[in-house]
Amino acid sequence: MTERTIFFDHIHLISADPRAAARWYAEKLGGTIASEVEVRGAPQVLLAFEGATIIIRGQRTGEEPTARQGLQWGIDHFGFCVRGDLDSYCNELKRKGVVFTIDPMNFGPNLRIAFLQAPDGVIIELLQREVHG
């Protein structure tokens, strides 16, 4: 029997304007646009973050994506850990025009969180874990 291990690889988003969405992630959150290609007739942009990749692709011929409307079954949000002070980072993002749905708040004895709106109805959680040791 062989040992099997899985690890996280990427998040894949569909966007009405993948290049504009990729610029938003790069300018607001500091991701790096690693590549832009066309895949099966749609533009696709890869963004690199420390330990994570976000792939944003456009509409393919014959597809009819719909806008996200509030809470739905399936993925609700994804999260990024923040090194350093979460509140300062959120204030910096607000100065860049980022809209928060939940401002920084304590969510347990060792966890502080905030939620922000990204393009195409995507919700991102920012979190800061306090490590005791």
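The values are calculated or read from the model by the stated rules, or taken from the named source; none is laboratory data. None of these values were measured; they are calculated from a predicted model. Here Cβ is always computed from backbone atoms with ideal geometry, including for glycine, and neighbour counts include all displayed protein chains.
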### Task
Please work out which residue is farthest from the chain's Cα centre (by Cα), limiting yourself to region 61-108 and to residues that are assigned by TED's automatic domain parsing to the domain that holds E130 and among the basic types (K, R).
R95
#### Entry: Failed condition for D120, given (1) exposed (fewer than 13 other Cβ atoms within 10 Å of the Cβ); (2) at pLDDT below 95
(1)
#### Entry: Some residue of region 31-38 being crowded, with 16+ Cβ neighbours inside 10 Å, touching a residue at least 24 places away in the same chain (Cβ under 8 Å) and outside the structural domain of L126 (by TED's automatic domain parsing)
no
### Task
Inspect region 57-75 for any residue being of a type in the set (D, E, K, R), at pLDDT 95 or above, farther than 18 Å from I123 by Cα and surrounded by 10 or more Cβ atoms within 10 Å (Cβ to Cβ) and give the result as yes or no.
no
### Task
Determine whether L111 is surrounded by 10 or more Cβ atoms within 10 Å (Cβ to Cβ) and more than 17 Å from the chain's Cα centre (by Cα).
yes
